[in-house]
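Below is one structure, written out as structure tokens; comments come after it.
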Amino acid sequence: MLHLVRHADAGSRMAWVGNDFERPLDDHGRMQADAIGAALASRPVGRILSSPYVRCVDTVVPLGRALGLPVETCDELAEGSFVGDAFDLLRSLASAEGDSVLCGHGDVIPGLLWVLAQYGLDIPDLGRCKKGSIWELEVSDGRIVGAAYRHPRTFGA
């Protein structure tokens, strides 16, 4: 299984003073990050990958702590990255053993889902990607064969 996590709430981009790369999670976002960690901690996660943006890394740190895994930063998941690079990363992880968690932004995750839909994957709720949400991609024989959206409310975030 591949888990695409949209970073948790990080306040208003317009209200943040400073480099947007460094914008942290707000109080609600930290609660969402804990809920995401709890929701995925029972899965056989082998890798946790994240955009290098602070709000993305901080979204999956609780999961990393719970599983004793490092959070690996990947430019392919960064805001504004080329969706083809993110898709190549996704495909490589589909062939790996165990689950992988990928944390990204509101442009990257819908972009990946759009590409998967272009390859014929039926994706209900295609336009959904709320902050703190999880898209679960089912993998069989190294191929992504299904997708399901988990709204943050469904796991207490």
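Data overview
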| quantity | calculated |
| --- | --- |
| Residues within the range 74-97 that are out of contact with any Gly (no Cβ under 6 Å at 6 or more places or on another chain), of a type outside the set (D, E, K, R) and over 14 Å from residue 4 (Cα atoms), tallied | 6 |
| Per-region count, the range 112-157, residues without any contact (Cβ under 8 Å) to a residue 40 or more places away in the chain and either closer than 18 Å to residue 53 by Cα or assigned to a strand (DSSP E or B) (or both) | 6 |
| Of all residues in the range 35-45 being touching a residue at least 40 places away in the same chain (Cβ under 8 Å) and out of contact with any Gly (no Cβ under 7 Å at 6 or more places or on another chain), the one that is surrounded by the most Cβ atoms within 10 Å (Cβ to Cβ) | 40 |
| First in the range 11-30 and in contact (Cβ under 8 Å) with a residue 60 or more places away in the chain, second anywhere and assigned to a loop (DSSP other than H, G, I, E, B), Cβ under 6 Å, 6 or more apart | 29/8; 29/9; 29/10 |
| Conditions (1) more than 15 Å from the chain's Cα centre (by Cα); (2) in a strand (DSSP E or B): number failed by residue 46 | (1) |
| Criterion: closer than 21 Å to residue 43 by Cβ, modelled with pLDDT of 95 or more, polar (S, T, N, Q) and touching a strand residue (DSSP E or B) at 6+ places or on another chain (Cβ under 9 Å) - qualifying residue of 133, 92 | 133 |
| Verdict on residue 51 being of a type in the set (Gly, Ala, Ser), crowded, with 16+ Cβ neighbours inside 10 Å and out of contact with any Pro (no Cβ under 8 Å at 6 or more places or on another chain) | yes |
| Single condition residue 114 does not satisfy, out of (1) more than 27 Å from residue 26 (Cβ to Cβ); (2) buried (at least 19 other Cβ atoms within 10 Å of the Cβ); (3) not aliphatic (A, V, I, L, M) | (2) |
| Single residue of 10, 96 found to be surrounded by fewer than 19 Cβ atoms within 10 Å (Cβ to Cβ) and part of a loop (DSSP other than H, G, I, E, B) | 96 |
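The values are calculated or read from the model by the stated rules, or taken from the named source; none is laboratory data. The structure presented is a predicted model; accordingly, all values stated were derived computationally and were not measured. Ideal geometry is used to build each Cβ from the backbone, glycine not excepted, and the neighbour counts take in all protein chains shown.
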